[in-house]
Structure formats: structure tokens, C-alpha cells
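Below: the structure, in C-alpha cells.
The values are calculated or read from the model by the stated rules, or taken from the named source; none is laboratory data. As the structure is a computational prediction, the values presented were derived from the model and not from experiment. Cβ placement follows ideal geometry from the backbone for every residue including glycine, while neighbour counts extend to all protein chains displayed.
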Amino acid sequence: MADPVVYIDEQRVNFRQAKISVFDYTLHCAIGLFESILAVDDRAIHLDEHLNRMEAGRKRLGLKFNYNRRRLSRILQTAVATHPGRVKKVKILLTYGHSPLWKGGRPKPKTIIIVDDHRLQFKKQKLMVSPMIISSANPMRGVKTVNFMTEWMSQHKAQEAGYDQGIIINQRGQVAETGSSNLFMGKKGKLYTPPLEAGGLPGIIRGEIIALAAANGLPCIEKKLKPKDLIAADEIFTTSSFKLVWPVVQLKVERVHKFQPGPLGRAFFDRLKTNFMTGEYKQEIDF
Ligand SMILES: Cc1ncc(COP(=O)(O)O)c(C=O)c1O
């Protein structure tokens, strides 16, 4: 295991000495943006898509974070290449900077990049319906802000109850996503996933799965789903940049329902892992 590589505002800093101000408003009020990116060797996977999403989020909220995309992208690639590991997790954090309420003057935002070891695995998981309800009408939904209490609590509550992760539902009782990933179900040769308007994040791997399904003639339908609709699935899996695809083997909707890891989830995981490890983007999948 190598030490994490940390950059703050374009300066490499020893991870033990990496510090930000106690006046940074991100610490007080969780005003900030982040991205979680997978990297292999010196390649940050889908970096442009991640930076596009971050910029779209910044614009949607109408906040200034005062970063330079070209420089951020260059430093991030240097940070990734500097870390000696093969498979790595990368985090970008844009902080708001010191609060005008406390220090006066203009805030000084920070751009933080962290690169650390990571392992890709096809891990079975148990899901339950989270008590943390979201409103799909909230403009912050779909933006990757550091205001992550809802997502974190859904995992915390699930783990307290012996599950791995919570399914986050919206004010209409529809599935939005889980606390750390998007969700798909396979049923009778078709794939289903909640539409983004249900309140989930526009996941980069979600987009990949939809594109791969289309390229392989597998119908993928964006459909509003209630937790009870998931019970009838042949398989369920969740997706994110750090996990790629994880199968669901247990789902609690009123009572406990059991599933087997299915062929679609496994095939998507294998295709994505091979693509990312080799840097060659192939689309064919033998389901
Ligand atoms: C709440 C939430 N939804 C979905 C995702 C999946 O997004 P992506 O595929 O871009 O990693 C994540 C990833 O961290 C997440 O935290």
C-alpha cells in the first residue's frame, strides 16, 4: 500500500500535513462539490465526464468555486501518474473557502485532489429501503455536493440493521438511487433503471451501462420504480465509479427477498473492468 498523494491548490503536500482552515465554509455548512473518479496506471477514467458533471453542478447551484478546469485536469493527471498503485481512487474536493461571516473579505476556495489505492471487486450486497426520504424537486439532487448527510445516513442506518446500503426513495415513494450508487434491475431480458427525475445522480457508470446495453441490443428502460417493483426482478445491481457493478443478493422491502448475482451484472462488470484495466474501450458483451 502506497501513501496517498495529496495536492492542495496545485501544491503537492505530504498527506499527514495536508490541512485546510477551520474557517472554510465547507466545514461549517457543507457548501462544496466533489467527484469520485477511478484511475488505472496513469489514466483517470472518464475524467472529462466527471469534470463536466462538476461544472454542470456548479452552474446549476450558481456558485463560484474559482477553479481552472485545464489546470485542475493537468494536476489531477500528474497526481494519478505520481501514485505508484495500479488501481486507484481519486477524489476532487472544491471547498467554498473561508466564510465572509467570520473572516470578512472574499472567500478563498481550495481545490483538493487525493489519490489512494483501490481494489475492484464484484461484491455481493444487501439493501434495505432507507428512512432518509429525498425530494426530487430539490435542485441540489443530481449535483455531487459535499452535503452528503442523507446518503451517508442511509448507509449508516442500513449498516445498523445488518445491511450494506439503503435505497433512497423520493417524496412519491419512487426509487431514486442508493446512498452511494445508481440502481438497475434485470427482468425478462430487459434492463430497468429509475429516470434521473426521480432524484438520483447522473452517474457516469449509469451512463456507461445504458450505452453498453444499447450497443448490445439489450433494451434498457428508464422507468419510475417503487421498491415493491424490485421484488419481481431476476437480478438487481448497483453501479458507481469505485464499484463498477455490484450485485444485490438480499433486499428488504417489508420482508427479506433473496436474489442471485445475475448474468447481466456480471457481464457489465467484466466488460467495464477489462476496458478500464486495458485502456481499450470495447463494447461487445456476451450476456
Ligand atoms: C449517491 C450516489 N449516486 C450515484 C453514484 C454513482 O456515480 P458514478 O457512476 O458517477 O460514480 C455515486 C457515486 O459516488 C453516489 O455517491
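I'm trying to understand the selection: among the residues of the range 194-215, which are surrounded by fewer than 22 Cβ atoms within 10 Å (Cβ to Cβ), farther than 18 Å from R271 by Cα and near the ligand (Cβ under 8 Å from one of its atoms)?
L201, P202
In the set Q121, Q159, which member is more than 18 Å from L33 (Cβ to Cβ), part of a loop (DSSP other than H, G, I, E, B), modelled with pLDDT of 95 or more and not hydrophobic (A, V, I, L, M, F, W, C)?
Q121
Just one of the numbered conditions (1) within 16 Å of the ligand (Cβ to nearest atom); (2) over 24 Å from I169 (Cβ atoms); (3) of a type in the set (S, T, N, Q) is not true of T278; which one?
The number of the failed condition is (1).
Find all pairs meeting these conditions: Cβ atoms under 7 angstrom apart; at least six residues apart or on different chains; first residue within the range 174-188 and modelled with pLDDT of 95 or more; second residue near the ligand (Cβ under 7 Å from one of its atoms) and of a type in the set (A, V, I, L, M, F, W, C).
E177/L201; N182/L201
If I221 satisfies every condition in (1) within 12 Å of the ligand (Cβ to nearest atom); (2) among the β-branched types (V, I, T); (3) over 17 Å from Q165 (Cβ atoms) but one, which is the exception?
(1)
Go through the range 35-48 residue by residue and tally those that are under 16 Å from the mean Cα position of the chain (by Cα), surrounded by fewer than 18 Cβ atoms within 10 Å (Cβ to Cβ) and among the acidic types (D, E).
Counting residues in the range 35-48 that are under 16 Å from the mean Cα position of the chain (by Cα), surrounded by fewer than 18 Cβ atoms within 10 Å (Cβ to Cβ) and among the acidic types (D, E) gives 1.
Looking only at the range 223-247, count how many residues are of a type in the set (S, T, Y) and either in a loop (DSSP other than H, G, I, E, B) or surrounded by fewer than 24 Cβ atoms within 10 Å (Cβ to Cβ) (or both).
Residues flagged as of a type in the set (S, T, Y) and either in a loop (DSSP other than H, G, I, E, B) or surrounded by fewer than 24 Cβ atoms within 10 Å (Cβ to Cβ) (or both) within the range 223-247 amount to 2.
Return a yes/no flag: does the range 114-126 have any residue that is within 14 Å of the ligand (Cβ to nearest atom) and either small (G, A, S) or without any contact (Cβ under 8 Å) to a residue 60 or more places away in the chain (or both).
Checked against the condition, which is being within 14 Å of the ligand (Cβ to nearest atom) and either small (G, A, S) or without any contact (Cβ under 8 Å) to a residue 60 or more places away in the chain (or both), the range 114-126 yields no hits at all.
In the range 24-43, how many residues are assigned to a loop (DSSP other than H, G, I, E, B), under 26 Å from E151 (Cβ atoms) and more than 16 Å from the ligand (Cβ to nearest atom)?
The first filter runs over the range 24-43 and keeps only residues assigned to a loop (DSSP other than H, G, I, E, B), leaving 30-31, 41-42.
If we keep only those that are under 26 Å from E151 (Cβ atoms) as well, we get 30-31.
If we keep only those that are more than 16 Å from the ligand (Cβ to nearest atom) too, we end up with 31.
Matching residues across the range 24-43 total 1.
Restricting to the range 134-193, name every residue that is within 16 Å of the ligand (Cβ to nearest atom) and basic (K, R).
Across the range 134-193, the qualifying residues are R141, K144, K157.
Working carefully through the options K59, K64, K108, K19, find the one that is of a type outside the set (F, W, Y), part of a helix (DSSP H, G or I) and more than 23 Å from T239 (Cα to Cα).
K59
In the range 198-212, which residues are closer than 19 Å to G186 by Cβ and more than 10 Å from the chain's Cα centre (by Cα)?
Going through the range 198-212, the residues closer than 19 Å to G186 by Cβ turn out to be 198, 200, 203, 205-212.
If the condition is that a residue be closer than 19 Å to G186 by Cβ and more than 10 Å from the chain's Cα centre (by Cα), then A198, G200, G207, E208, I209, I210, A211, L212 are the ones that fit.
If a residue must be among the β-branched types (V, I, T) and over 10 Å from K126 (Cα atoms), how many such residues does the range 237-255 contain?
4
Tell me, which residue of the range 262-284 that is hydroxyl-bearing (S, T, Y) and assigned to a helix (DSSP H, G or I) is farthest from L191 (Cα to Cα)? Spell out the reasoning first.
Taking the range 262-284 first, the residues hydroxyl-bearing (S, T, Y) are 274, 278, 281.
Now drop any that are not assigned to a helix (DSSP H, G or I), which leaves 274, 278.
Values: T274: 22, T278: 27 Å.
Ranking the qualifying residues of the range 262-284, first place goes to T278.
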